[in-house]
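The values are calculated or read from the model by the stated rules, or taken from the named source; none is laboratory data. Bear in mind the structure is a predicted one, so any value in this text is a computation, not a measurement. Counting neighbours? That spans all protein chains shown, and the Cβs are built from the backbone with ideal geometry, glycine included.
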Amino acid sequence: MSSATASRKVLTDRINRIEVSATMAITAEALKLKAQGIDLADFGAGEPHFSTPQHIKDAAIEAINSNFTRYTAVAGIPQVRQAIVDRHASDFKTNYTPEECVFSAGGKLAIFNAAEVLIDHGDEVIIPTPFWVSYKDIVEFVGGKCVFVETSEADNFRVTKEMIEAAITPKTKAIILNFPSNPSGAILPKEDLFDIIRLCHERGIYALLDECYVYLAFDGDIYSGASLTECKEHIIVLGSLSKTYAMTGWRAGFALGPKQIIGAMSKLQSQSTSNTSSIVQRASIAALASSQECVAVMREDYIKLRDRVLEGFKTIPGLTCTVPQGAFYVYPNIKNFLGKGGINTASEMAAKLLSEAHIVTVPGEPFGTKEHIRLSYAVSADVIDKGIERLRTFLGNLK
Ligand SMILES: Cc1ncc(COP(=O)(O)O)c(C=O)c1O
């Protein structure tokens, strides 16, 4: 090897700025234990335990059988973009056109593409804590700087216009909001959400609204920040079919926003994935354009599962938890157990829960808080009961 080759570094600075997604890392660890035949109570993965509804699967099979298997327009066929904007218009009274919509291989890619086209080196992005793990890495990968705004658990992780206003600087380019929240399940009251979006609009800041759990809000009122159509110029909706229709493996997501931004995201996509699978596009039309009864059925089940977990937590002295109002996560506070049994951090707690109690959880640190663990309750009632039993025994024995 010549000395010139030896001194040339292999990996870019930007790939070294980010970590493997914490949730994917824990899933990999859990898979190893499962492969050894260990029976896990698995609350790790953030995905529905339901099967994809049959009419969606049928549409995909029909697409294959009718040879709808070629490249399509990069941003998605007109019919899938029409189905997305129609669904959004009917549910949230928005007025997007198909040209203001790009269909991507998952909501995560839509977020990534939005960050790529909007965030330049040194731009600041405001992110309330706790936050979904990928925001930090995506923003840092594209060269932006995260400005975290701490919220209070006592106030149900609420973020207000005043809190955001205090974090704005001349370098602020965007804010990322995610309600219902992964990891806490919290929802921002509509007026708070609208106040923040109005503030963004006034200041020329882009509101990136990650609404991937928008249909999994439990208290009746399902709303999107994009309903504030007068602020449309600064709103980008980042949506996903993954959780709404139990389609995580299909990779179906989208963005709605100003034509210039959507056009740039499509241009970027034209040089990376090109179109999302043609088959998935057809299946997505079936999901979006037919009865939404399946979504309501799944939502009802999540509410029951949430209540079951919270009832279980009540039987564990020292464990406290806010009541999630959506998504399918609980984010209990474990501070009363830190310092016991050689466990000093949430990461150590998650590691011990996995290795000793065979419970899969995700520690709070990658979500930006130090005293929590996240459990996904998109599992069967049996898994919840088994997991609670193990958690009670493990935490009860900590000294
Ligand atoms: C808050 C949030 N946003 C976006 C996504 C991305 O979902 P997908 O890429 O499966 O559409 C997830 C997935 O876990 C999520 O929890």
query: What number of residues in the range 182-195 are farther than 12 Å from ARG158 by Cα and either within 22 Å of the chain's Cα centre (by Cα) or not assigned by TED's automatic domain parsing to the domain that holds THR229 (or both)?
result: 3
- prompt: Can you pull out the residues in the range 177-213 that are within 27 Å of THR320 (Cα to Cα) and in contact with a helix residue (DSSP H, G or I) (Cβ under 6 Å, 6 or more places away or on another chain)?
  reply: PRO183, LEU193, CYS212
- request: Check the range 44-51 and report whether any residue there is of a type outside the set (D, E, K, R) and at pLDDT below 90.
  value: yes
task: Report whether or not VAL214 is buried (at least 24 other Cβ atoms within 10 Å of the Cβ), closer than 21 Å to HIS88 by Cα and out of contact with any His (no Cβ under 9 Å at 6 or more places or on another chain).
output: yes
Residue list for the range 53-72, filter: outside any helix (DSSP H, G or I) and over 26 Å from the mean Cα position of the chain (by Cα): SER66, ASN67, PHE68, THR69, ARG70, TYR71, THR72
- line: By my count, helices (runs of 4 or more DSSP H) wholly in the range 104-172 with at least 3 residues that are within 30 Å of TRP250 (Cβ to Cβ) and at pLDDT 95 or above are 107-118, 133-141
- line: When (1) among the β-branched types (Val, Ile, Thr); (2) assigned by TED's automatic domain parsing to the domain that holds GLY257; (3) touching a residue at least 60 places away in the same chain (Cβ under 8 Å) are applied to ILE38, the one that fails is (2)
- request: Select, from ILE187, ILE176, the only residue that is more than 20 Å from ASP219 (Cα to Cα) and either of a type in the set (A, V, I, L, M) or without any contact (Cβ under 8 Å) to a residue 60 or more places away in the chain (or both).
  value: ILE176
message: Show me the helices (runs of 4 or more DSSP H) entirely contained within the range 276-369 in which 1 or more residues are out of contact with any Asp or Glu (no Cβ under 9 Å at 6 or more places or on another chain) and within 16 Å of the ligand (Cβ to nearest atom).
response: 278-289, 293-314
query: Residues in the range 79-88: is at least one part of a loop (DSSP other than H, G, I, E, B), assigned by TED's automatic domain parsing to the domain that holds LYS171, more than 16 Å from the ligand (Cβ to nearest atom) and not small (Gly, Ala, Ser)?
result: no
- request: Quickly run through the range 370-399 and pick out the residues that are modelled with pLDDT under 95 and in contact with a Phe, Trp or Tyr (Cβ under 9 Å, 6 or more places away or on another chain).
  value: LEU398
- request: Please go through the range 24-41 and pick out each residue that is among the β-branched types (Val, Ile, Thr) and either over 21 Å from TYR135 (Cα atoms) or touching a helix residue (DSSP H, G or I) at 6+ places or on another chain (Cβ under 6 Å) (or both).
  value: ILE38
Positions within the range 350-385 being among the acidic types (Asp, Glu) and either surrounded by 23 or more Cβ atoms within 10 Å (Cβ to Cβ) or over 22 Å from the mean Cα position of the chain (by Cα) (or both), in sequence order: GLU356, ASP382, ASP385
field: Top-ranked residue in the range 8-29 [being at pLDDT 90 or above and among the aliphatic types (A, V, I, L, M); ranked as nearest to the ligand (Cβ to nearest atom)]
entry: ILE15
statement: In the range 217-264, residues that are surrounded by fewer than 21 Cβ atoms within 10 Å (Cβ to Cβ), within 11 Å of the ligand (Cβ to nearest atom) and among the β-branched types (Val, Ile, Thr) total 1
